[in-house]
Structure formats: structure tokens, C-alpha cells
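Structure first, commentary second.
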Amino acid sequence: MVRSTPLQSRCSNCALRHVCLPLDLSKEEVEKLDSVIYFRRLVKRGQAIYRAGSAFESIYAVRFGSFKTVILHNDGREQVTGFQMTGELLGLDGISAEKHTCDAIALEDSELCVIPFQHLEALCREREQIQRHVHKIMSTEIVRESGLMLLLGNMRAEERLAIFLLNLSQRFKVRGYSSLEFQLRMTREEIGNYLGMKLETVSRTFSKFQNDGLISTNLKQIRILDIHRLQSLIRR
């Protein structure tokens, strides 16, 4: 069961404010944003916060935890379209058609800040800086989808996995975590689904990276040993 609780920690005093919000918002603008975020939502591992076809009402900021977004094909196959972590937004897929186009499922016990979109729109009309930031987030989502198409194009397995690990490394760094040592919340099967690789290929590529001294692995714990060599695998 997805559980909602009144919001006590707000944008104005949140430790993740620098990740979610532009740094140059005034105190008044942050307080305005506080006013549209009503509550947090606690989500257990494996639960969905919305499903494809459900009505679009809110967007969600990941306060802690991680999620995957999944599209279900007509033949029952799933396609993982993204992984979202602390400080990132979910639900933007529902804006255009006013209904969601994918499922958003928790990869671990997580917490979300719920932002009613109707109220956010009204705030954007009042505050240009907040509107600009929302547009920036939407642009980032478009770039992410384009990046997925590139991954599923002509790249070798080593390139796909290297880009995936380097992308996670950078995202952890922005959030103040280690960029060289982190835990994968998704399974290798989910990684393969996202990257367009078979599970056996994902496992073989992880093993190759470890044997070559690029990374070390301990179950889901990843340590990048030579980030420069990992970067050099990607053809420019």
C-alpha cells in the first residue's frame, strides 16, 4: 500500500534543495514552491506510484530511494525506459496527454514529494525563474530519451555499459555521494533491458571490466578503479 504523510520537511529546509532547485531562487520564490507541495508519499519496494493510462495529476520529486520507469508492449514484454534517483522527477510523461504513458516502480523503499501539477503551473506563471527551471527539467528528459536511442543504436556492449556506469557516477557526484563507489539498485536483467542487451551479455561485460581492472564488484556494489580507461572505451 502506498502511504502519504503530511509534509514537514519543505524545500526551504531540505538538504537536497541544491539538486532539485536552481540555486538563485529567492527566499520568497522557495516559499511559494513550498506552498504547492502538500505531502510526501512513502513507497515500498516493487510498488508503483502510477501506471500507464492512469490520470495525470502530479509530478513527484524523489526525496530518497530509486525508481524505474517501464513501458509494457502489446505482447506483454517490458521495456525499461529509465532509472530515477534522489533529487530527480517522475511523472513528466503524463503532461501532454494528461495520462501516464509508463509505469513508475520503486526499486527500493523510497519517499517522494508530491507536487500537484495544476498548482505548479499557476506558480510558473507567477515566477519566471521557476518556470525556466521546469522547462530545463523537461529538456533534460528529452535529452535522456535521445541518449537511450543512441545506446540502442550502433554501440558495442562495452560502450553501452561504460556509458551507463559513467552516467550513474556523474549523477551520484552531483548529489554529494561518491562518484567512484556506489550500489546498483537495479538488477542486471533490468540494466540489460534498458541497454538493449541480453542478461548473459551484461554479466559477461561486467566480468570483462573487472578482469581488465576497470571496476570491482561485490554483489551490487560497484567500485570504479580506472575511470579514465572506462571513458576511453567510448568511441567519439
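The values are calculated or read from the model by the stated rules, or taken from the named source; none is laboratory data. Computed from a predicted structure; not experimentally measured. Every residue, glycine as well, gets a Cβ built from its backbone with ideal geometry; the counts of neighbours run over all protein chains shown. Only protein heavy atoms, including side chains, enter the accessible area calculation; ligands, DNA and RNA are left aside. Shrake-Rupley method; radii C 1.70, N 1.55, O 1.52, S 1.80 Å.
Quick check: Cα centre of the range 87-125 to Cα centre of the range 134-203, how many Å?
Their Cα centres are 21 Å away from one another.
With springs only between Cα atoms under 10 Å apart, run a GNM on the chain and tell me which of 160, 204, 41 wobbles the most.
204
Sequence-distant or interchain residues sharing an amide H contact under 5 Å with residue 82, placed H: which?
69
Using 0.36 nm times the number of residues separating residue 132 and residue 167, minus their current alpha carbon distance, what extension gain do you get?
Extra length from residue 132 to residue 167 when fully extended: 10.2 nm.
Normalised by the residues of the chain, what does the relative contact order come to in percent, with Cα pairs under 8 Å and at least six apart? Present the calculation step by step, with values, prior to reporting the outcome.
Details: 384 pairs, mean separation 42.7, N = 236.
Relative contact order for the chain comes out at 18 percent.
Would you work out if the range 186-236 is rounded, prolate or oblate? Take a ≥ b ≥ c from the square roots of the eigenvalues of the alpha-carbon gyration tensor; rounded if a/c is under 1.5, else prolate when a/b is larger than b/c, oblate otherwise.
Details: a/c = 1.97, a/b = 1.29, b/c = 1.53.
Taking the square roots of the gyration eigenvalues as a ≥ b ≥ c, the range 186-236 is oblate.
Work out, step by step, the length gained on full extension between residue 201 and residue 219: first 0.36 nm times the residue separation, then minus their alpha carbon distance; give nm to one decimal. Walk me through the numbers before you get to the answer.
Working: separation 18, 0.36 × 18 = 6.48 nm, distance 1.69 nm.
Full extension of this stretch gives 4.8 nm more.
Provide the per residue accessible area, probe 1.4 Å, for the range 168-236, rounded to a whole number of square angstrom. The partial results should precede the final answer.
Values: 4170 Å² over 69 residues.
Each residue of the range 168-236 exposes 60 Å² on average to a 1.4 Å probe.
Please give the residues of the range 119-147, grouped as numeric ranges, whose backbone N is less than 19 Å from a label point set 7 Å along the Cα-to-Cβ vector of residue 96.
Residues 134-147 fall inside that zone.
With all protein chains present, how much of the accessible area of the chain (probe radius 1.4 Å) comes from carbon and sulfur, to the nearest whole percent? The partial results should precede the final answer.
On the way: 6590 of 13010 Å².
Using a 1.4 Å probe with all protein chains present, the chain comes out at 51 percent carbon and sulfur.
Within the chain, which whole H helices from DSSP have a Cα span along their axis of at least 20 Å and a mean Kyte-Doolittle hydropathy of 1.0 or more, if any? Don't skip to the answer; put the middle values down first.
Working: long enough: 128-151 (34 Å, -0.10); 157-174 (26 Å, 0.30).
Sorted by number, there is nothing, because no helix extends far enough and scores high enough.
What nm distance separates the two modelled labels at residue 51 and residue 72, each placed 7 Å from Cα along Cα→Cβ?
So the label points at residue 51 and residue 72 sit 0.6 nm apart.
Just need the Rg to Rh number for the chain, please, alpha carbons only, Kirkwood Rh. Don't skip to the end; give the middle numbers.
Working: Rg = 18.6 Å, Rh = 19.0 Å.
Dividing the radius of gyration by the Kirkwood radius yields 0.98.
What does the C-alpha gyration tensor say about the overall shape of the range 41-98? Classify as rounded when a/c is under 1.5, otherwise prolate if a/b is larger than b/c, or oblate.
oblate
For the chain, what does the helix formula give at 222 nm: sum of -39500 (n - 2.57) over DSSP H segments with n ≥ 4, over the residue count, nearest 500 deg cm²/dmol? Spell out each step's value before the answer.
On the way: 8 runs with 91 residues, N = 236.
So the calculated ellipticity at 222 nm is -12000 deg cm²/dmol.
Can you return the lysines within cross-link range of residue 44? Criterion is Cα-Cα under 18 Å, with same-chain partners fewer than 8 residues away left out.
Straight-distance partners of residue 44: 68.
So how far apart, in nm, are the two label points at residue 139 and residue 28 if each is 7 Å from Cα heading toward Cβ?
The answer from the label model is 2.6 nm.
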